[in-house]
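Q: Have a look at this one.
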Amino acid sequence: MGSVQRAMRLLESVAEHEHGAPAKQLARETGLALPTAYHLLRTLVHEGYLRRDKGLFFLGEAAERLSSSGAEQKRRSTVVEALAHWRDLIGVPVYYAQYRNGEIEVLCVSESPGNPAVEEWADFRETGHAHAIGQCLLAQLDDEARRDHLDRYPVQSITPYTVRDGHSLLRRLERTARMEPVTERQEYALGTVCAAIPITLGNAAATMAISLPAHQADRLLVATQQLQEEIGRLMGTLAISISI
C-alpha cells in the first residue's frame, strides 16, 4: 500500500508540470528518497503511466486514458443528477437521448417507483417515428438524413394512433420548428403521452423528454414548460456534460 501511495504522489506531482520535471525535483516535491523516486518512476514509465523525454517525466498514455475516463464519468454523473432532480421536482420520468451515427440512442433515463418510465416494448431505434424522442430528433435533422433514417426504419403502425405513413410523418416534421417541443399521445404505447424538448449541441441532435400516463395528459403541457425552464437554467453547466 505504501508503494502505491508513493507512486500516486509522483503521478500527481508530474501532472502539475505541463512541461515535465526531472526526477530530483519530483523526489523533492513528494518527500521521497531519490533512489525510491527513481525506482517508482522507472516502474511507472514501464507501465505507461509516465513517459520520459530528455531526462524529464510527463504523464503517459495510460494516465491520460484514466483522466479521460474520469472526466467522462463526471460528465455523465452531472447529467444523471440533473435528470434525477427534474424527475423529483416535476414528478415525471425524464429521458435524455441523442441521434448519433444514424441511430436514436436513449443515453439516460431517470425514473422512480411512483413515476416509472415507458417500457421499451418495441425497439426505440426502430420506432423513432412513433415516440416523441424519435420525432424530436428527426425534426432536427436535414431532409436527406431524415429520409435515410426512414429508409432504414420504415414507418409502421404500432398503435391505432401511430402516424400512418412516411409522407405524413415528413410533413409533420417539416412543420415542426427547430426548437419547438414535440408531443405524442399514445402513438408509441397505449395509455402513455410524451413530450420531447430539443437541445442545442452544435450540429448534434439531442433531446430531453418526459412521459405521463394518459389519464394525466392534462399535465403534459405544464410539465413540459417546467422542464424547459429548468433546462434553460442549467444549460450552461450541461452544455459540455450532455455530450456524453
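Q: Could you give the dipole magnitude of region 115-175 about its Cα centre, charging the beta-carbon of Lys and Arg +1 and that of Asp and Glu -1, in debye to the nearest 20?
A: In total the dipole reaches around 240 debye.
Q: Ok, one more. By how many degrees, 0 to 90 and rounded to 10, does the Cα axis of helix 61-86 deviate from the longest principal axis of the chain?
A: Roughly 40 degrees between the two axes.
Q: Given the rule -39500 (n - 2.57) for each run of at least 4 DSSP H residues, summed and divided by the residues of the chain, what is its mean residue ellipticity at 222 nm, to the nearest 500 deg cm²/dmol? Walk me through the numbers on the way to the answer.
A: Numbers: 8 runs with 111 residues, N = 244.
Value at 222 nm, helices only: -14500 deg cm²/dmol.
Q: Separate question: Based on the Cβ-Cβ distance from GLN5 to SER77, what FRET efficiency comes out when R0 is 30 Å, to the nearest 0.05? The partial results should precede the final answer.
A: Values: r = 26 Å, r/R0 = 0.86.
Plugging the Cβ-Cβ distance into 1/(1 + (r/R0)^6) gives 0.70.
Q: Taking a probe of 1.4 angstrom, what is the accessible area of HIS85 in Å², to the nearest 10?
A: 90 Å²
Q: Suppose all protein chains stay in the model; what accessible area per residue would a 1.4 Å probe give for the chain, in Å²?
A: Working: 13170 Å² over 244 residues.
Per-residue value: 54 Å².
Q: Can I ask one more? Treating only the Cα positions of the chain as identical point scatterers, give the base-10 log of I(q)/I(0) from the Debye formula at each q in 0.10, 0.12, 0.16 Å⁻¹.
A: Rounded to two decimals, the profile gives -0.61, -0.72, -1.01.
Q: Quick check: from the Cα gyration tensor, does region 127-205 come out rounded (a/c under 1.5), prolate or oblate? Please list the in-between numbers first.
A: Numbers: a/c = 1.98, a/b = 1.25, b/c = 1.59.
In terms of gyration-tensor shape, oblate.
Q: Turning to a different aspect of this structure: Can you order the peptides 41-47, 188-194, 31-37 by their average number of other Cβ atoms within 10 Å per residue, highest first? Don't skip to the end; give the middle numbers.
A: On the way: 41-47: 15.7, 188-194: 20.7, 31-37: 14.1.
Taking the mean over residues of other Cβ atoms within 10 Å, the ranking is 188-194, 41-47, 31-37.
Q: If you don't mind, another one. How many nm is it between the label spots at HIS85 and ARG125, if each spot is 7 Å from the Cα in line with the beta carbon?
A: 3.2 nm
Q: Taking square-rooted eigenvalues a ≥ b ≥ c of the alpha carbon gyration tensor, is region 104-244 rounded, prolate or oblate, where a/c under 1.5 means rounded and, failing that, a/b exceeding b/c means prolate?
A: Values: a/c = 1.62, a/b = 1.11, b/c = 1.46.
Here region 104-244 falls in the oblate category.
Q: Now for a separate question. ³J(HN,Hα) across region 110-118 via Karplus (A = 6.51, B = -1.76, C = 1.60, θ = phi - 60°), whole Hz, x for Gly/Pro?
A: Each residue's phi maps through the Karplus curve to give 10, 9, 9, x, x, 9, x, 6, 5 Hz.
Q: Roughly what angle does helix 220-241 make with the longest principal axis of the chain, taking Cα atoms, 0 to 90 degrees, to the nearest 10?
A: The helix 220-241 is inclined about 20 degrees to the chain.
Q: Go ahead and collect, in residue order, the members of region 1-41 whose backbone nitrogen is under 16 Å from a label point 7 Å along the Cα-Cβ direction of LYS54.
A: The answer is 18-23, whose backbone nitrogens lie closer than 16 Å to the label point.
Q: So for the pair GLU47, VAL222, with labels modelled 7 Å out along Cα→Cβ, what separation do we get in nm?
A: 5.7 nm
Q: Nearest 10 degrees, 0 to 90: what angle lies between the long axis of helix 2-15 and the longest principal axis of the chain (Cα atoms)?
A: Approximately 70 degrees, to the nearest ten.
The values are calculated or read from the model by the stated rules, or taken from the named source; none is laboratory data. Note that the coordinates shown come from a computational prediction; the quantities given were computed from them, not determined experimentally. Positions of Cβ are generated from backbone atoms using ideal geometry, with glycine treated the same way; all protein chains shown enter the neighbour counts. In case anyone asks, the SASA skips ligands and DNA or RNA and just uses the protein heavy atoms, side chains included. Shrake-Rupley method; radii C 1.70, N 1.55, O 1.52, S 1.80 Å.
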